[in-house]
Amino acid sequence: MTTRVLLTGSDGFVGPHVENALRRVCGAEIEIIATSKEGGTHPVFGQMEALDVTDAAAIRSSIAHSEPTHVIHLAGVAAVDAASTDPGKAWAVHVD
């Protein structure tokens, strides 16, 4: 069975490091479905899928479409000021 990892927030600082570690541990056959809120092109991942982790319907659709065996959730509100300004949004992104 092929390992398919849905990686949220892949365009952040940690995403490329996780990708490197996964390939080192799992080998070249691992499939990484890279996502970010806006999607677009990334130098490590190539084309990333747009995925708003606060949109339950979008998440269900992404999982149904990509059929991941694993999910690594890296999306988050990293700036303390932004999280303090809108704690509800920070909670939704990190936990919900």
*Just the Cα atoms of the chain: what Rg and Dmax do they give in Å?*
13.6, 44
*Residue farthest toward the positive end of the dipole of the chain, with Cβ of Lys/Arg at +1 and Asp/Glu at -1: which of ALA56, ILE72, GLY9?*
ILE72
*Compute the acute angle (0 to 90°) between the alpha-carbon long axis of helix 56-66 and the principal axis of greatest extent of the alpha-carbon atoms of the chain; round to the nearest 10°.*
10 degrees
_Sulfur and carbon atoms: percent of accessible area, the chain [1.4 Å]_ = 57 percent
*Between ALA78 and VAL25, how many nm apart are label points set 7 Å from Cα along the C-beta direction?*
2.1 nm
*Out of the DSSP beta bridges found with both residues in the chain, what percent are antiparallel (nearest 5)?*
25 percent
_Please list, by residue number, every one of the chymotrypsin sites (Phe, Trp or Tyr not before Pro) in the chain that is coil in DSSP and has at most 15 other beta-carbon atoms within 10 Å._
PHE13
_Per residue solvent-accessible surface (Å²) - region 4-96, probe of 1.4 Å_ = 61 Å²
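The values are calculated or read from the model by the stated rules, or taken from the named source; none is laboratory data. Not measured: the values here are computed from a predicted model. Please note: Cβ atoms are built from the backbone with ideal geometry, for glycine as well, and neighbour counts cover all protein chains shown. The area values use the complete protein model at the heavy-atom level, side chains included, leaving out ligands, DNA and RNA. Shrake-Rupley method; radii C 1.70, N 1.55, O 1.52, S 1.80 Å.
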